[in-house]
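For reference, the structure discussed in these notes is given below.
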Amino acid sequence: MEEIDIKKEKIIALIALILPFLNSIVLSITNRSGIRIILANPFGDFSSFIVLLLLLLSLYLISKKVSNIEIFRNYLKAFTIQIAFLVVVLALFLTHGTLENMPKSLIVMILVLLYFSAIFSTYYMKKSFELIGNEFSNDYIKKGGDQLFWGVILTIILIGIIVAFVGWINIIIGFFRLPDKIQREVTVTQ
């Protein structure tokens with residue numbers, strides 16, 4: 001038996017998973033002049049990209065340590081789908097300038113594309129979280145991945161936002177419950 005330390009990977013994943021919640025905090029600061037400054041998004045929009053990269057890094061490291069590269073590959077597929085959607089939308093905005101200059105049909109097409117890219121992306125996230133849950137016998141991560149996937153599908157009727165939120169909470173709880181060290185059998189190849 002070999003002992004594998006995954007504490008660093010677990011911490012990176014937890015930072016990535018908790019950062020979006022910190023991103024939604026509204027900060028109210030009063031400066032020396034008595035002027036109140038309100039920061040509605042203290043970490044900026046760039047933080048969601050950082051979250052994806054940190055989680056991608058964590059899952060890559062975990063997948064290497066447990067010798068299951070599919071954990072990383074599935075999340076990489078989800079990441080690639082999100083980046084591809086972002087590039088398409090950015091290209092559309094660059095060609096039309098502003099939202100007001102876009103035809104309404106194009107806006108509808110972007111929303112439909114957003115919906116389906118979110119479904120495909122979370123499907124691969126779900127597969128990744130399912131593999132982690134199976135690898136560590138952690139039902140929170142598996143259930144959270146399922147809830148996230150179904151939550152995105154159900155966003156069309158708005159209840160999905162709550163389901164997806166509960167899914168993220170379960171994934172966070174699951175990562176908190178991961179052990180810092182795991183025992184793996186060493187396989188000897190000749």
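Values in this text are rule-based calculations from the coordinates and carry no lab data. Because the structure is predicted, anything quoted here is derived from the model rather than measured. Note that we place each Cβ from the backbone using ideal geometry, even for glycine, and neighbour counts take in every protein chain shown.
In table form, for the structure just shown:
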item: Two-decimal Rg to Rh for the stretch 51-135 - Kirkwood Rh, Cα set; result: 1.14
item: Estimated FRET transfer efficiency when R0 is 45 angstrom, pair Val166-Ala91 (beta carbons, to 0.05); result: 0.85
item: Residue-count net charge about Phe72 - beta-carbon cut-off 14 Å; Lys, Arg +1, Asp, Glu -1; result: +1
item: Exposure proxy ranking, count of Cβ atoms within 10 Å, fewest first, for Arg177, Arg73; result: Arg177, Arg73
item: Length released on extending from Ile156 to Lys64, taking residue separation times 0.36 nm less the Cα-Cα span; result: 29.5 nm
item: Farthest positive-ward along the stretch 2-179 dipole, Cα basis, beta-carbon charges - from Tyr60, Ala91, Ile141; result: Ala91
item: Label-point gap, in nm, between Ile173 and Thr98 - each point 7 angstrom along Cα→Cβ; result: 4.6
item: Reachable lysines, given that their alpha-carbon falls under 30 Å from the alpha-carbon of Lys65 and they are not under 8 places away in the same chain; result: Lys7, Lys8, Lys10, Lys77, Lys126, Lys127, Lys142, Lys143, Lys181
item: Over the stretch 2-179, equivalent-ellipsoid semi-axes from the Cα gyration tensor in Å; result: 30, 23, 16
